[in-house]
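Asker: The structure is given below, and queries will be raised subsequently.
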Amino acid sequence: MELVLAFDAVKPYFCRAGGKSEMANKSFCPLASFIFYPNRFIKMKKILILSCFSLLASVVKAQITNFSMTPDTAIVDGKATFDDILQQEIKIKNSEATDRKFVWERTTVSTPFGWTSTICDPVACRPSSTSIAEFELKANESYTMLFDVSTDGAPGSGYYLLKLYEKGKPNQYTIGKYRFNATLVNTKDASDDAQVSVFPNPAKDFFILKSSLAFRELRLCSADGRMIRSYTNSEDGRYSVEGLREGAYMVQILGKNSVRIATKKLVIN
């Protein structure tokens, strides 16, 4: 206490701006302040450390937001059949002005027995046996990946995680959480589907449909129900898929008054 009072008494003579003593301005005052007021320097050290952590967090966040995955959470509902698929579209965007390579990792948290999943990225459609893969996006490029789930007729709920990060930076990532729910179909739907066959499957340039059911129109749709193409009844049962991107689709068979009478799954390679 006495030391602090003594320093306060002499401080105006040695530490004032424009003082006569060079020693006071250049060395004595900082040194004396550290000796007599150590708590001030401790507080300053804490402030500097907190500021550094805040700056580091901002830099990391900025690096993470240089790419995006939309949506990062979704629930997909559908039917448990041998041919239908459950599908979620996931838009990936490279927000930097340079080409970059990315890596995705798929984790199956829980799924009914017999379910399989396929992820279609810019390179290929990857089956369940592939848990990690990489691809490249050009500067400011976006790409819509397809997350497809086949139930093989088993009802239930499956939960999956999809981790995305830039190659070489696995600690800077975003995670998508996706749940797929499949319910049983009624007996009539299953019977009608059994009277229709689609081949070759996977298809490349065309597919052939054989059906004992009378129909007027075919619709090729994405798994979320968007119509991609429409066909009238062909005499030879042959239908073109040229120009379509790889992935899984649904072939809807429509009867009188455009009532859907059957649905088949079609994969295009």
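The values are calculated or read from the model by the stated rules, or taken from the named source; none is laboratory data. None of these values were measured; they are calculated from a predicted model. Positions of Cβ are generated from backbone atoms using ideal geometry, with glycine treated the same way; all protein chains shown enter the neighbour counts.
Asker: Is at least one residue of the range 242-257 among the aliphatic types (A, V, I, L, M), loosely packed, with under 12 Cβ neighbours inside 10 Å and modelled with pLDDT under 90?
Answerer: Within the range 242-257, not a single residue is among the aliphatic types (A, V, I, L, M), loosely packed, with under 12 Cβ neighbours inside 10 Å and modelled with pLDDT under 90.
Asker: Here is a check on your reading of the model: is residue 234 surrounded by fewer than 17 Cβ atoms within 10 Å (Cβ to Cβ), polar (S, T, N, Q), farther than 24 Å from residue 78 by Cβ and at pLDDT below 90?
Answerer: When the stated conditions are applied, residue 234 passes them.
Asker: Restricting to the range 215-240, count the residues that are closer than 22 Å to residue 144 by Cβ and in contact with a Phe, Trp or Tyr (Cβ under 6 Å, 6 or more places away or on another chain).
Answerer: Selection size over the range 215-240: 1.
Asker: On to the next question. If I filter the range 161-173 down to residues being in a loop (DSSP other than H, G, I, E, B) and touching a helix residue (DSSP H, G or I) at 6+ places or on another chain (Cβ under 8 Å), which single residue comes out as nearest to residue 132 (Cα to Cα)?
Answerer: 169
Asker: Do any residues in the range 104-116 that are in a loop (DSSP other than H, G, I, E, B) have Cβ atoms under 6 Å from those of residues that are buried (at least 19 other Cβ atoms within 10 Å of the Cβ) and of a type outside the set (Val, Ile, Thr), where the two are at least six apart or on different chains, and which pairs are they?
Answerer: Correct list of pairs: 111/158; 115/158.
Asker: On to the next question. Residue 132 versus (1) surrounded by fewer than 12 Cβ atoms within 10 Å (Cβ to Cβ); (2) modelled with pLDDT under 95: which is the lone unmet condition?
Answerer: (2)
Asker: Within the set of pairs 6 or more residues apart or between chains, which connect a residue that is under 10 Å from residue 104 (Cα atoms) inside the range 126-145 to a residue that is among the acidic types (Asp, Glu) with Cβ atoms less than 7 Å apart?
Answerer: Once the first residue is under 10 Å from residue 104 (Cα atoms) and sits in the range 126-145, its partners that are among the acidic types (Asp, Glu) give 131/105; 132/105; 133/121; 135/121.
Asker: From the list 176, 158, which one is out of contact with any Phe, Trp or Tyr (no Cβ under 8 Å at 6 or more places or on another chain), surrounded by 15 or more Cβ atoms within 10 Å (Cβ to Cβ) and assigned to a strand (DSSP E or B)?
Answerer: On inspection, the qualifying residue turns out to be 176.
Asker: Identify all residues within the range 97-118 that are surrounded by 15 or more Cβ atoms within 10 Å (Cβ to Cβ) and under 30 Å from residue 140 (Cβ atoms); write none if there are none.
Answerer: Selection gives 100, 102, 103, 104, 105, 106, 117, 118.
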